Amino acid sequence: MSGTQRNGDGRGRAGAMVSGLAVAVGCVLFLGGFIWAAVVYKPYTVPTASMSPTVNAGDRVLAERIDGADVRRGDVVVFADSVWGDTPMVKRVVGIGGDTVACCDKDGRLTVDGTPVDEPYLNRGPAAAGAPVPASPQNFSAKVPRGQIFLLGDERSTSLDSRVHLEDAGQGSVPLSAVQGRVDAVAWPMNGMIGRPESFAALPGGVSADGPLPLQVGAALVGVVLILGGAAYGPVAARSARRRAAGTAR
């Protein structure tokens, strides 16, 4: 009997150790994921519908803190520029330094250095004549200076973007230093990650890599599972012990 008791005590001690370790690791992953995300990302509330349907007015987004040199075509960025009112705005980068951005080609598409770009994030339903709605209601062409970016909203019919500033010295472009972050996800409502447009991938420089947000969220979720699992071990083990004791007594 004494040997049986010792075995039971050993299993109990080992279970308690594993439970405590699971809770400790879970806390590290949970807190680490949130702290990491807080360091890398900054939340913004989108003020207008100029990026609809990708991002709607009032949406809460998470923008990865990046340097302007990390900006690529297709990125949705948060920026602030004195010419645009010096308030944070959210637009999509469609051209970088040295590009000639124009619209529209014979199929109504945006072109970058003469290369047509398909933009699946736009609402380009058929017009009255049956042809797709052009990527911009008005035709334009702009040469982007080095160290600058050209920005458009996804809601092309109402967005006040680089097209409004075509007569400015930079032909509507904004300096890379004005970029405050790259939008990776819509946090509220929980619409998830904003992907990188494949249509820009074939252009020189390609598209930017995905941010670490999925890894951070995954770490936090695994941490929650470990914490709950470890915390549940004690009551489950105690209930199991009581059942075994009751069975032995009978």
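Residue 139 satisfies every condition listed in (1) at pLDDT 90 or above; (2) under 21 Å from residue 98 (Cβ atoms) except (2).
Looking at 172, 181, just one residue is touching a His at 6+ places or on another chain (Cβ under 7 Å), closer than 13 Å to residue 93 by Cα and either open to solvent by 30 Å² or more (accessible area, probe 1.4 Å) or touching a residue at least 12 places away in the same chain (Cβ under 8 Å) (or both), and that residue is 172. Among the residues of the stretch 215-232, is any modelled with pLDDT under 95, assigned to a loop (DSSP other than H, G, I, E, B) and over 27 Å from the mean Cα position of the chain (by Cα)? No.
Each residue in the stretch 89-108 was checked for being assigned to a loop (DSSP other than H, G, I, E, B) and out of contact with any Ser or Thr (no Cβ under 9 Å at 6 or more places or on another chain), and 4 of them qualify.
A residue that is open to solvent by 40 Å² or more (accessible area, probe 1.4 Å) and closer than 22 Å to residue 47 by Cα cannot be found anywhere in the stretch 127-145. Residues that are open to solvent by 40 Å² or more (accessible area, probe 1.4 Å) and within 16 Å of residue 110 (Cα to Cα) were ranked within the stretch 148-165; the one that is modelled with the highest pLDDT is 155.
Counting only residues that are free of Cβ contacts under 8 Å to residues at least 24 places away in the same chain and charged (D, E, K, R), the stretch 29-58 holds 0 of them.
I need the full set of residues from the stretch 114-133 which are farther than 28 Å from residue 58 by Cβ, within 28 Å of the chain's Cα centre (by Cα) and assigned to a loop (DSSP other than H, G, I, E, B), in order please.
Let us first name the residues in the stretch 114-133 that are farther than 28 Å from residue 58 by Cβ, namely 114-118, 126-132.
Then keep just the ones that are within 28 Å of the chain's Cα centre (by Cα); that gives 115-118.
Within the stretch 114-133, 118 is the sole residue that qualifies.
Kindly check whether there is at least one residue in the stretch 135-147 that is over 21 Å from residue 107 (Cα atoms) and not in a loop (DSSP other than H, G, I, E, B). So far as the stretch 135-147 goes, yes, one or more of its residues are over 21 Å from residue 107 (Cα atoms) and not in a loop (DSSP other than H, G, I, E, B). Residue 74 meets the stated requirement of being closer than 16 Å to residue 200 by Cα, modelled with pLDDT of 95 or more, of a type outside the set (Val, Ile, Thr) and in a loop (DSSP other than H, G, I, E, B).
Identify the residue in the stretch 97-121 that is under 23 Å from residue 50 (Cα atoms) and hydroxyl-bearing (Ser, Thr, Tyr) and, among all such residues, is surrounded by the fewest Cβ atoms within 10 Å (Cβ to Cβ). Here the residue is 100. In the set (1) in contact with a strand residue (DSSP E or B) (Cβ under 7 Å, 6 or more places away or on another chain); (2) on the phi > 0 side of the Ramachandran plot, the condition left unmet by residue 75 is number (2).
The values are calculated or read from the model by the stated rules, or taken from the named source; none is laboratory data. Predicted, not measured: the structure shown is a model, and the values here were computed from it. Please note: Cβ atoms are built from the backbone with ideal geometry, for glycine as well, and neighbour counts cover all protein chains shown. The protein model used for the area step is the full one, side chains on, heavy atoms only, and it has no ligands, DNA or RNA in it. Shrake-Rupley method; radii C 1.70, N 1.55, O 1.52, S 1.80 Å.
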